[in-house]
Amino acid sequence: MMKRSRGTFWTAAMALALLGVSDAGSAQTKAPASQSAADKKWQMPRTPEGKPNFEGDWVNNTFTPLERPDDLKDKPFMTPAEAAAYAERNIARQKAQPQDALHYDDFIWMNEAKLRTMTERTSIIIDPPDGKLPPTNAEGQKRAQRRAAERKMQGGASDRVQNRALSERCIIWGHEGPPMMPVGYNASIKIVQSAETIVIIQEMTHNTRVIPLVPKPALGQTFRNWSGESRGWWEGDTLVVETTNYTDRTAFRGSSQDLKVTERFTMPDGDRLLYQFTVVDPATWDRPWTGEISIMRADGEIWEYACHEGNYGVRHILSAARMEDATAAKGASAAEAPSGDN
């Protein structure tokens, strides 16, 4: 289990406090949308160069789903009371998990996660207007079939180390992006900023994205990275980051290597970054789609996410699978052997 500074631990019940709803044992906190007298006097922190200063520790996990639930298909926004009830249902669902289950995503672990926000939006996706991902086009479907066939040819998950999940091998998690998607726990983000560079560090899997803010030559099509190659610039007080040059194996929600993601970071108040992203990939979707997440300021720093300790288990996973293969083969041979009664 990863150790973190005490200040980074938040309870799931604080999502209710954000909405002004009380919960046993939780502190009363106003929703970020409300403005106190102090909020109205807030001034944008700026770097010596006069740019917005986003440096610090943040967290982006949320109860808001990526896609709008079918029962809310005609409802892009909830009332504050409805949003609080939605968060309560999610907390109840987590609490309903067996408390004696020693698993990493049980309620005790998830409730140990940092602040989970619940906006009044019914989905992270804000465009298309229905809050749903655009359908995968014919080219994207054909590519998905090809990828599935390739995985089948490579054997089962325990046939070789390359068949294990990228996240299990500590290479990259799907939420890291870009776009940076919310995750249930280990959702901390650290931003370090200078005049020419902004650095984004995500707690899980502790990858570091270095984004130049000054013009640099394009990489061309030869060099490709799991997380693409990012270039940033300022448009007024908005940080814009464009990322291309993904690998074909990145496959964000089935995307191709031609994926392009444009992120926009703004700071509407001292405790929040508004994060918007637009995904473009004509080889997967016939239209772009856009999402929006509030990234909240966290009280604490990121400690090490010791993912690679799990890699020691890969040898045991594969060796155990080989033992099972040998046992199965021995059983099959015994079944095929001639009976001694003949």
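May I ask you to rank 271, 281 by accessible area, largest first, using a 1.4 Å probe over the protein chains only?
Numbers: 271 90, 281 5 Å².
The residues order as 271, 281, largest area first.
On a straight-distance basis, which aspartates and glutamates could pair with residue 132 in a cross-link, Cα separation under 15 angstrom, same-chain partners fewer than 8 positions away excluded?
Excluding near neighbours in sequence, the set is 67, 70, 71, 74, 286, 292.
Once Lys and Arg get +1 and Asp and Glu get -1 on their Cβ, which of 259, 305, 333 lies farthest toward the positive end of the dipole of the range 219-342?
With unit charges placed on the Cβ atoms, the residue in question is 333.
Where the only charges are on Cβ atoms (+1 Lys, Arg; -1 Asp, Glu), what is the dipole of the range 173-233 about its Cα centre, to the nearest 20 debye? Don't skip to the end; give the middle numbers.
Values: 5 positive and 4 negative charges, 25 e Å.
With Lys and Arg at +1 and Asp and Glu at -1, about 120 debye.
Accessible surface of residue 192 in the full protein assembly, 1.4 angstrom probe, to the nearest 10 Å²?
60
Once you've got the Cα coordinates, tell me which of 95/260; 75/190; 51/190; 142/216 are over 29 Å apart. Intermediate values should be presented prior to the final figure.
Details: 95/260 39 Å; 75/190 34 Å; 51/190 18 Å; 142/216 35 Å.
From 95/260; 75/190; 51/190; 142/216, over 29 Å: 95/260; 75/190; 142/216.
Using mean Cβ contacts within 10 Å as the protection proxy, how do 131-142, 173-184 order, highest first?
Numbers: 131-142: 15.4, 173-184: 20.1.
Averaged packing, sorted descending, gives the order 173-184, 131-142.
So, R0 is 35 Å and r is the distance between the beta-carbons of residue 324 and residue 287; what FRET efficiency does that work out to, to 0.05? The partial results should precede the final answer.
On the way: r = 47 Å, r/R0 = 1.33.
Once rounded, the FRET efficiency stands at 0.15.
With a 1.4 Å probe and all protein chains in place, put 286, 57 in order of accessible area, largest first. Mind showing how you got there, number by number?
On the way: 286 130, 57 25 Å².
Largest accessible area first, the residues go 286, 57.
What nm distance separates the two modelled labels at residue 311 and residue 197, each placed 7 Å from Cα along Cα→Cβ?
2.3
The values are calculated or read from the model by the stated rules, or taken from the named source; none is laboratory data. This one's a predicted model, so the numbers in the text were calculated from it and none came from an experiment. Positions of Cβ are generated from backbone atoms using ideal geometry, with glycine treated the same way; all protein chains shown enter the neighbour counts. Only protein heavy atoms, including side chains, enter the accessible area calculation; ligands, DNA and RNA are left aside. Shrake-Rupley method; radii C 1.70, N 1.55, O 1.52, S 1.80 Å.
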